[in-house]
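Throughout, read-outs are computed from the coordinates displayed, never taken from laboratory work. What you see is a predicted model, and the numbers here were worked out from it, not measured in a lab. So basically every Cβ, Gly included, is an ideal-geometry build from the backbone, and we count neighbours across all protein chains shown.
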Amino acid sequence: MVVDDTIPTSPNLVAGANEEGFHFLNVNYGRDLEADTVADIAAAEDGSLCPECGDAMRAVRGVEVGNIFKLGTRYSEALGASFLDADGKRKPVVMGSYGIGLGRLLACIAEEHHDENGLVWPIPVAPYHVHIVAAEAGGVADGLYERLVSAGVEVLYDDRRESLGAKFKDADLIGAPIRLTLTPRSMKNGGVEIKARGGSEGYAVPIEGPVAAVRREISE
């Protein structure tokens, strides 16, 4: 008989009688049964009780960010990797492998921070704070880029000869936290439009003011 390790500590259980409609009530380990093996064999599912606090657990999707392998002395013995202990005796090094993957971390971020249009990077881990989308590269757009970089802001500047629609689509796909739009329309509305990637509405600031506004957005 093999029982789960929660059985010995669970009083007054209900056990099947191998006959439909009949059950044994108030079954207690040690008095009513003894197991050959006690082990953690229960598969936790959505709604299973937490062994620590007793609350119902939730089943959610996850991504393996890292892993640990206990290698013991298998490889150190083969390679002759050893050390002298406190008594001066030579012993093989006990080895372990601890791995964390950037690709897996990216998968975690993408899974938790996205919408139907692409990534929505959180500021602390975003490869760029700001994505500049300009109707026309050069001149004012170049100056804006240089001022932001000089202020320590990490900027992706889209200076391709593509349509604004394509640039906006790519900006949403890449998902930098803050988008700056510089077009004849934005200039007519007040200067540079600032829009958070996760927000629905943007706002305009004068052409001299984006650096301060961007630093405020990053801080907030």
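Order of I100, I207 from fewest to most other C-beta atoms within 10 Å? Write down the numbers at each step before the final one.
Details: I100 10, I207 15.
Ranked by crowding around the Cβ, least crowded first: I100, I207.
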task: Using only the Cα atoms of the chain, each taken as one equal point scatterer with no solvent, compute I(q) by the Debye sum, divide by I(0), and report log10 of the ratio at q = 0.14, 0.16 Å⁻¹.
output: -0.93, -1.08
task: Would you kindly calculate the mean projected area, averaged across all directions, of the convex hull enclosing the Cα atoms of the stretch 58-124, in square nanometres?
output: 8.6 nm²
- prompt: What is the antiparallel percent of DSSP beta bridges lying wholly in the stretch 118-219, to the nearest 5?
  reply: 45 percent
Simple label model, 7 Å out from Cα along Cβ direction - V2 to D36, nm: 1.0 nm
query: For the stretch 118-219, what relative contact order do you get, as a whole percent, if you take Cα pairs closer than 8 Å and at least 6 residues apart?
result: 30 percent
query: So which lysines pass the test for K70, namely a Cα distance under 25 Å, with those fewer than 8 places away in the same chain ruled out?
result: K89, K91
- prompt: What nm value, rounded to one decimal, do you get for the distance between L105 and A44 when each label is placed 7 Å out toward the C-beta?
  reply: 2.6 nm
- prompt: Under the Karplus relation 6.51 cos²θ - 1.76 cosθ + 1.60, θ = phi - 60°, what is the ordered set of whole-Hz ³J(HN,Hα) values for the stretch 81-98, x standing for Gly and Pro?
  reply: 8, 9, 9, 9, 7, 4, 9, x, 8, 7, 9, x, 5, 7, 10, x, 10, 10
message: If I model a spin label at K89 and K169 as a point 7 Å from the Cα along the Cα→Cβ vector, what separation in nanometres do I get?
response: 7.1 nm
- prompt: If you line up the long axis of helix 102-112 against the longest principal axis of the chain, both from Cα atoms, how many degrees apart are they, to the nearest 10?
  reply: 80 degrees
Value of D in µm² per second that Stokes-Einstein yields for the stretch 1-60, Kirkwood Rh from Cα pairs, at 10 °C (1.306 mPa s): 121 µm²/s
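Using a cut-off of 14 Å between beta-carbons, work out the net charge of the residues near E52 (Lys and Arg +1, Asp and Glu -1, E52 not included).
Values: positive: none; negative: D5, D40, D55.
That sum, taken over residues with Cβ under 14 Å, equals -3.
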field: Extension gain from V63 to E116, taking 0.36 nm per residue of separation minus the Cα-Cα distance
entry: 17.1 nm
message: How big is the dipole moment of the stretch 118-219 about its Cα centre under a simple scheme where the beta carbon of each Lys and Arg is +1, that of each Asp and Glu is -1, and everything else is neutral? Debye, nearest 20, please.
response: 180 debye
- line: Here the net charge surrounding P127, from other residues whose Cβ is less than 15 Å away from its Cβ (Lys, Arg +1; Asp, Glu -1), is -1
- line: Counted neighbours (other Cβ, 10 Å), sorted fewest up, put C50, C108 in the order C50, C108
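Among R58, R185, R197, which comes first, second and so on when ranked by fewest other beta-carbon atoms within 10 Å? Spell out each step's value before the answer.
Numbers: R58 8, R185 11, R197 23.
If I rank by nearby Cβ atoms, fewest first, I get R58, R185, R197.
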